[in-house]
Amino acid sequence: MTSIQKPPVRHPSLQVNALGLTRRDYEGAMSTLCAGCGHDSVTAAIVQAFYELDVPPHRAAKMSGIGCSSKTTAYFMRQSHGFNSVHGRMPSVASGANAANRDLVYIGISGDGDSLSIGLGQLCHAIRRNVDMLYVLENNGVYGLTKGQFSASADVGSKSKRGEANVQRPIDPVLLALSLGATFVARGFSGDKTRLVPMLKAGLRHKGFALIDVISPCVSFNDHEGSTKSYRFTRENYHDVAPVDFVPLQREITAETEAGASVSVTMHDGSIVRFREVPSDYDPTDRDAAYAHVRARQERGEIVTGLLYIDEQSADMHETANTVARPLVDLPYESLCPGRAALDELMDEYR
Amino acid sequence: MPTDVSNPQYYHKVVDCQWACPAHTNVPEYIRLIAQGRYTESYLLNRQSNVFPGILGRTCDRPCEPACRRGRVDGKPVAICRLKRVAADLRDDDIHEYLPPVPAQKNGKRVALVGAGPAALTVANDLMPLGYEVVIYEKNQRAGGLMRVNIPSFRLPAEVLDEETQIILDMGVDIRYGTPVTSMRSLLGEGYDAIFVGSGAPKGKELELPGRRETDQIFIGIEWLASVHFGHIEKIGERVLIIGVGNTAMDCCRTSRRLGGTDIKVIARRSRPYFKASPWELEDAEEEGVQIVENHSPKRFIVEQGKLVGMELDRLRWFEQNGKQKSQVIDSVVIPCDSVILAIGQDNAFPWLERDLGIDFDENGMPVVDKQTFASTKPGVFFGGDAAWGPENIIWAVEHGHQAAISIHNHCMGIPLTERPAYGMNLVSSKVGMHAWSYSNDYSPAPRSKMTHEELTKRFSKLSVEVELGFTPEQTVAEVERCLNCDIETHFTSNLCIECDACVDVCPVSCLTITQDGAEPELRTRLMAPALNLTQPLYVSEALPQTKRVMVKDEDVCLHCGLCAERCPTAAWDMREFDLLVPYAGRAVQMVTLARAEARRPVAAT
Ligand SMILES: Cc1cc2nc3c(=O)[nH]c(=O)nc-3n(C[C@H](O)[C@H](O)[C@H](O)COP(=O)(O)OP(=O)(O)OC[C@H]3O[C@@H](n4cnc5c(N)ncnc54)[C@H](O)[C@@H]3O)c2cc1C
Ligand SMILES: Cc1ncc(C[n+]2csc(CCOP(=O)(O)OP(=O)(O)O)c2C)c(N)n1
Ligand code: SF4
Ligand code: SF4
Ligand code: SF4
Ligand SMILES: [Mg+2]
């Protein structure tokens with residue numbers, strides 16, 4: 001806990017976005033996480049991404065479960081909607097919210113414990129349903145909030161703070177999501193915002209379920225020598241497949257920004273994700289190739305990061321279910337609740 | 001290139017007020033002492049550098065305030081000057097025992113000072129504790145120089161002046177009142193080891209226009225103020241014109257208001273932005289009903305039958321030509337008046353100083369004085385205050401005095417004048433607990449406190465009624481909290497940093513960036529917020545351990561809130577109290593006086 005609130009003063013040359021808001025207008029309450037926690041840095045990257053995308057804060061919904069990571073929804077966009085669910089249940093609450101109001105921008109924040117243990121089933125089904133949301137999994141290899149037990153993402157051989165090595169095989173959220181048919185799969189690192197921010201922006205703009213697994217070191221319980229989720233280990237072993245640029249629809253694409261791009265993917269709203277210097281054995285629009293690439297690199301002991309797979313063609317939950325185009329809140333009361341006669345008519349169909 | 005913070009001047013520059021103060025007064029520390037109710041210590045800390053806290057707390061030109069960081073944060077600087085007065089008003093009555101002791105055993109060196117203005121008094125203040133025998137020759141009957149005879153008592157009460165000049169004289173100075181030095185040659189003949197000339201710039205400028213010599217109702221500002229002080233003048237005409245719009249003009253118009261003037265106009269050749277008087281002086285004058293007339297240039301005095309009846313003035317229009325401001329006369333107007341006071345500047349004059357003594361003067365009649373050592377061209381003769389380079393102000397006179405004292409001491413001890421004692425610093429962590437600091441780090445959004453003034457009728461009832469009433473306790477409490485504690489420095493230890501970004505993310509004013517090193521102009525453009533204020537430095541760390549990038553800090557609007565240090569998991573950032581060790585003659589640094597005051601008084605609970 002810090003001793004004071006963040007003073008309401010800003011740098012005179014702080015920039016504003018298209019809505020006239022500064023980065024600071026996208027902040028939330030003061031973080032109560034340990035000083036130096038990777039999650040705080042992810043929060044700052046999220047603030048930056050929403051600010052750069054000119055999202056009106058009141059048009060976003062922040063969903064989370066339980067854990068240090070899940071607490072962070074309080075630390076950004078104080079004017080947004082939010083729901084802090086029970087442990088591991090964020091995906092279904094988010095699905096429900098999205099079903100009711102499809103016009104909001106949904107961001108779910110979870111941890112490796114929240115997502116890969118108690119909430120694993122929930123996560124799988126949200127992916128399967130292709131709920132239109134960005135799902136940020138802040139991955140530190142431990143249950144931070146309950147003081148550092150190994151989580152399901154801990155690598156074999158990674159040492160706990162007291163020196164014991166983990167022996168169970170990890171669940172890799174990226175491979176899991178690829179195999180379950182996720183339409184946007186990426187991995188980032190909290191200590192590298194220059195890569196994380198464009199990835200978050202693309203994820204927010206993606207139509208369907210976007211999973212970003214963010215390696216986010218736990219300074220208090222998993223940043224020691226022997227841990228494979230520490231700042232130092234991650235910095236020494238992560239390999240970005242290809243830097244991505246997110247080019248919003250509004251901005252003109254200049255020749256210069258095009259140079260060196262080997263793959264470009266146009267998103268449903270016309271924005272473009274550009275991959276610079278993509279290796280020849282890799283295609284971010286080919287699910288099998290992406291899976292193979294991640295596996296191959298993993299065998300070599302590398303932590304593969306980057307926007308690994310993207311599919312802009314698949315139908316999301318609403319399209320599949322053929323739901324009404326408008327959010328329920330915007331429907332007239334008579335069509336939402338057509339009355340006794342309509343109900344009776346419906347019931348008759350089932351007789 | 002990594003920034004060298006082991007050089008005391010780097011952190012000194014971060015303390016904007018202290019850097020701007022000619023005498024380098026430790027402003028934030030004295031403000032904290034006031035906040036803790038430790039007025040005497042606050043006073044003594046002030047006194048160490050500026051010697052006259054009670055006087056300056058009312059009259060200082062306050063170069064610190066335009067420099068104050070708070071001004072860049074919310075538009076209004078901390079009321080540094082008036083807080084100084086709080087310390088002076090509330091300190092213990094008797095502070096003699098906290099002053100540096102004056103040895104009974106003298107060091108055998110005798111020094112003569114010409115004049116008892118702030119410059120010379122500072123020299124005496126610095127030399128007496130070193131065992132010098134100091135003789136002051138003063139033509140008036142009291143000490144203080146222009147502070148006494150020119151600054152009106154409604155701005156500076158005589159008791160305050162008496163007290164602070166007496167503290168110095170009580171050190172055992174041999175002051176000879178009513179003794180003008182009439183010949184430098186004979187003074188040199190007295191065999192002093194050193195002579196300091198602090199005789200000021202005593203001559204008011206003339207304005208020779210038609211009619212000037214036909215009436216006795218045209219006065220020279222500084223002479224007129226002195227005559228008022230001595231009681232030789234007690235009245236002035238009802239309609240008064242003051243020519244000029246500097247500090248002297250402000251005192252002349254306000255004094256006129258108290259001597260029977262009812263319709264007072266200050267005539268300025270230019271428009272407001274170019275006025276010499278400070279904005280607060282203008283405000284005070286206008287509050288008293290004085291009118292400021294812009295863009296008028298005096299043409300002639302109109303005297304009818306030996307009686308001054310008005311002045312003819314040209315109305316001017318200003319424009320720019322080849323980058324220079326030029327004026328054009330529009331027409332001329334007559335403004336009726338009964339008296340005129342000329343306040344258009346001061347000149348130096350040394351009628352008592354023979355020109356064949358080896359003391360060189362330049363073509364403008366000014367002595368040739370070394371900027372660093374204050375030495376004239378004759379070894380052992382020094383100049384300071386207004387006498388050295390023309391009219392300045394009290395705080396500059398004080399700083400000249402300190403520097404001249406160092407030179408005099410070197411001269412008498414056989415040390416080259418240019419071998420000056422070095423600045424030093426102390427840097428101590430202010431961390432006193434997990435998230436607790438030894439200073440109040442929270443940002444107070446309070447607006448600047450406004451000084452309350454005596455009501456107008458009371459003010460005009462007597463010349464010596466002090467206008468400013470001082471801050472109330474509530475105002476003081478609010479104002480001390482506005483100070484950002486710029487001397488509590490953000491100190492960085494690069495090899496501790498794990499590059500978690502916590503500090504960068506938490507900083508409310510986007511001061512911090514971790515990035516690739518680069519040349520400064522280019523580096524300034526790619527920070528969290530572009531560093532556009534080029535007068536403020538960038539701090540650049542050594543290469544960070546994990547990625548070899550650097551930590552960059554734009555000092556411009558850092559609030560010294562300590563959040564970076566609180567959020568840093570490794571204490572790579574720490575908040576450290578910086579104490580500039582300013583050298584004085586014969587004493588590298590002296591916190592002695594303070595330590596003694598502290599020992600006596602139980603620390604106030606905060
Ligand atoms: C009207 C007016 C208002 C001012 N208001 C302010 C203000 O509010 N704040 C501020 O900071 N500054 C102010 N100043 C400026 C400030 O007063 C001077 O800059 C300062 O006093 C200079 O100090 P000094 O020690 O150099 O000389 P002075 O103060 O001029 O003192 C010189 C002394 O030397 C004596 N002396 C001169 N010749 C001889 C001699 N031959 N023998 C013996 N004694 C001699 C004089 O009698 C005098 O006492 C003001 C000036 C004026 C004119
Ligand atoms: C139903 C339920 N079971 C167990 C817990 C205890 N618990 C709280 S947080 C947590 C794990 C959090 O781990 P993770 O999601 O990785 O978050 P982190 O703190 O590491 O960011 C557990 C098991 C709980 N709060 N509720
Ligand atoms: S805020 Fe305080 S310490 Fe900082 S410059 Fe202003 S007065 Fe000085
Ligand atoms: S003290 Fe630290 S956090 Fe506070 S404004 Fe300065 S650099 Fe930023
Ligand atoms: S908080 Fe500390 S460790 Fe983290 S980046 Fe800042 S200085 Fe480095
Ligand atoms: Mg975790």
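Counting just the residues of the stretch B:455-502 that are of a type outside the set (A, V, I, L, M), within 16 Å of ligand 5 (Cβ to nearest atom) and within 14 Å of chain A (Cβ to nearest Cβ), which one comes out surrounded by the most Cβ atoms within 10 Å (Cβ to Cβ)?
B:C500
Working carefully through the options B:R32, B:R47, B:R72, find the one that is open to solvent by less than 20 Å² (accessible area, probe 1.4 Å) and either more than 25 Å from B:R148 (Cβ to Cβ) or part of a helix (DSSP H, G or I) (or both).
Step by step, each of B:R32, B:R47, B:R72 is checked, and only B:R47 is open to solvent by less than 20 Å² (accessible area, probe 1.4 Å) and either more than 25 Å from B:R148 (Cβ to Cβ) or part of a helix (DSSP H, G or I) (or both).
Restricting attention to the stretch B:494-530, which residues are among the charged types (D, E, K, R), over 20 Å from B:A565 (Cβ atoms) and touching a residue at least 24 places away in the same chain (Cβ under 8 Å)?
Within the stretch B:494-530, B:D517, B:R524 qualify.
Kindly indicate whether B:S227 is surrounded by 13 or more Cβ atoms within 10 Å (Cβ to Cβ), within 14 Å of ligand 1 (Cβ to nearest atom) and without any contact (Cβ under 8 Å) to a residue 12 or more places away in the chain.
yes
Please specify each residue of the stretch B:505-538 satisfying the condition of being assigned to a helix (DSSP H, G or I), farther than 22 Å from A:R23 by Cβ and in contact with a strand residue (DSSP E or B) (Cβ under 7 Å, 6 or more places away or on another chain).
B:E520
From B:V135, B:V160, grab the single residue that is modelled with pLDDT of 95 or more and either over 24 Å from the mean Cα position of the chain (by Cα) or surrounded by fewer than 17 Cβ atoms within 10 Å (Cβ to Cβ) (or both).
The match here is B:V135.
Could you list, in sequence order, the residues of the stretch B:477-534 that are within 16 Å of ligand 3 (Cβ to nearest atom) and basic (K, R)?
B:R482
Out of the residues in the stretch B:517-529 that are within 14 Å of another protein chain (Cβ to nearest Cβ) and open to solvent by 30 Å² or more (accessible area, probe 1.4 Å), state the one that is farthest from B:V504 (Cα to Cα).
B:T525
Which one of the conditions (1) within 16 Å of ligand 1 (Cβ to nearest atom); (2) farther than 28 Å from B:I168 by Cβ does B:F460 fail to meet, given that it meets all the rest?
(1)
Wholly within the stretch A:263-350, which helices (runs of 4 or more DSSP H) include no fewer than the required count, namely at least 1 residues that are under 30 Å from A:A99 (Cβ atoms) and in contact with a strand residue (DSSP E or B) (Cβ under 9 Å, 6 or more places away or on another chain)?
A:287-299, A:317-321
Can you work out which of the residues in the stretch A:46-66 that are touching a His at 6+ places or on another chain (Cβ under 8 Å) and within 16 Å of ligand 6 (Cβ to nearest atom) is farthest from A:A202 (Cα to Cα)?
A:I66
Restricting to the stretch B:51-78, give me the number of residues that are within 14 Å of chain A (Cβ to nearest Cβ) and among the acidic types (D, E).
Matching residues across the stretch B:51-78 total 1.
The rows are residues; the columns are (1) open to solvent by 50 Å² or more (accessible area, probe 1.4 Å); (2) within 14 Å of another protein chain (Cβ to nearest Cβ).
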{"residue": "A:P12", "(1), (2)": "yes, yes"}
{"residue": "A:T32", "(1), (2)": "yes, yes"}
{"residue": "A:G38", "(1), (2)": "no, yes"}
{"residue": "A:A45", "(1), (2)": "no, yes"}
{"residue": "A:V86", "(1), (2)": "yes, no"}
{"residue": "A:R89", "(1), (2)": "yes, no"}
{"residue": "A:A97", "(1), (2)": "no, no"}
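Going by the conditions given, is B:E555 surrounded by fewer than 24 Cβ atoms within 10 Å (Cβ to Cβ) and touching a Pro at 6+ places or on another chain (Cβ under 6 Å)?
Yes: the conditions hold for B:E555.
From the set of residues in the stretch B:417-441 that are open to solvent by 70 Å² or more (accessible area, probe 1.4 Å) and without any contact (Cβ under 8 Å) to a residue 12 or more places away in the chain, which is nearest to the other protein chains (Cβ to nearest Cβ)?
Looking at the filtered set, the residue picked out is B:M434.
The values are calculated or read from the model by the stated rules, or taken from the named source; none is laboratory data. Predicted model only: the values in this text are computed from it and were never measured. With ideal geometry, Cβ positions are generated from the backbone for all residues, glycine too; neighbour counts draw on all protein chains shown. Heads up: the accessible areas ignore ligands, DNA and RNA and are worked out on the full protein's heavy atoms, side chains in. Shrake-Rupley method; radii C 1.70, N 1.55, O 1.52, S 1.80 Å.
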